[in-house]
1. Let me spell it out: the conditions are (1) over 20 Å from the mean Cα position of the chain (by Cα); (2) aliphatic (A, V, I, L, M); (3) within 25 Å of G99 (Cβ to Cβ), and I118 meets all of them except one. Which number is the exception?
2. Taking the conditions exactly as written (of a type in the set (A, V, I, L, M) and open to solvent by less than 10 Å² (accessible area, probe 1.4 Å)), does A245 satisfy them or not?
3. If you go through segment 15-36 one residue at a time, how many are open to solvent by 60 Å² or more (accessible area, probe 1.4 Å), touching a residue at least 12 places away in the same chain (Cβ under 8 Å) and either of a type in the set (S, T, N, Q) or in a helix (DSSP H, G or I) (or both)?
4. Somewhere in segment 220-236, is a residue polar (S, T, N, Q), free of Cβ contacts under 8 Å to residues at least 60 places away in the same chain and surrounded by 13 or more Cβ atoms within 10 Å (Cβ to Cβ)?
5. What are the residues in segment 59-98 that are touching a residue at least 24 places away in the same chain (Cβ under 8 Å) and out of contact with any helix residue (DSSP H, G or I) (no Cβ under 7 Å at 6 or more places or on another chain), if any?
6. Can you go through K253, K188, K201 and tell me which one is under 26 Å from S113 (Cβ atoms), out of contact with any His (no Cβ under 7 Å at 6 or more places or on another chain), in contact (Cβ under 8 Å) with a residue 24 or more places away in the chain and not aromatic (F, W, Y)?
7. For A9, are the conditions met, namely being within 22 Å of A89 (Cβ to Cβ), among the small types (G, A, S) and exposed (fewer than 15 other Cβ atoms within 10 Å of the Cβ)?
8. Just checking, how many residues over segment 19-40 are at pLDDT below 95 and closer than 20 Å to T101 by Cβ?
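The values are calculated or read from the model by the stated rules, or taken from the named source; none is laboratory data. Quick caveat: nothing in here was measured; it's all calculated off a predicted structure. Glycine gets a Cβ as well: all are built from the backbone with ideal geometry, and neighbour counts include every protein chain shown. The area values use the complete protein model at the heavy-atom level, side chains included, leaving out ligands, DNA and RNA. Shrake-Rupley method; radii C 1.70, N 1.55, O 1.52, S 1.80 Å.
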Amino acid sequence: MAKIKIAVAGCLGRMGQEISKQILQNKNLEFVGGFENKKHKDINKPLNKVSDIQSSKLASTNSTQLIKEANVIIDFTTPESTLDNLKIAYANKTAVVIGTTGMTDGQKKKVKSYSKKIPILMSSNMSLGVNLLFNLVKQTASALKDTDYDIEIAETHHKHKKDAPSGTALSLGEYAAEGRKTKLNKLKVLDRTKKITSRKKGEIGFSVTRGGEIAGEHTVSFIGTNDRVDLVHKANNRSIFVDGAIEAAIFLKKKKNGLFSMKDLLF
């Protein structure tokens, strides 16, 4: 069987490096290369000289060439960069795995439009455990009514993470809202400091912590008058996200087009 050719966007980023290393270790995959923002300090330098990636390929600025050569690209960058890469992938019929978070509704619509021609798997979290948590949150929210239980979502990540709340936290909120047959945008509270008022029925509150090198921790709390239910996931390292991204790339190789999530891969 021919190897699946994979290119990595943001190859010198934290996730990009881990994904690149994992591809190189997988005998069924071929690392066609990684690309970076042209302003990166290590651009056009050998990857094995500026990172732990054991490849002499250069950290490239030529995203078009690598996307054209690859069967699949894996993208954990920024919303703007991801959309630029999608445009190129669309033109070259290259599949895309998106782990980028912080996208607006408008940007997500653009992703969906590209999926009419190419296969795309997009997820705020590639971990099997977190995707199981999504389902548990939906079930619990459905069982514990808003008249009896308040929902609060707390998340903690490393100090380098830019978006807040995390994409995973927002997805957890969406699943909680779905469990109560409503929409998160109607219920979410991201900042309680701007209003002096008591908590309203049905609100879904978010709290954010940034510090150290924490890979990711999420807690969804269902708080009643007499008891509290906490659903928790803690990532010890990034390997769970990397493994999921690799599996997503393998999954997409067999697809012609469409927008997929980890649910399609796992369940």
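1. Condition not satisfied by I118: (1).
2. Here the answer is yes, as A245 does meet what is asked.
3. So the answer is 4.
4. Within segment 220-236, not a single residue is polar (S, T, N, Q), free of Cβ contacts under 8 Å to residues at least 60 places away in the same chain and surrounded by 13 or more Cβ atoms within 10 Å (Cβ to Cβ).
5. Here is the first cut: in segment 59-98, the ones touching a residue at least 24 places away in the same chain (Cβ under 8 Å) are 59-64, 66-79, 81-83, 85-90, 92-98.
Passing the criteria: T61, N62, L66, E69, A70, N71, T77, T78, S81, T82, K87, K93.
6. Exactly one residue qualifies, and that residue is K253.
7. No.
8. Looking only at that region, the number is 1.
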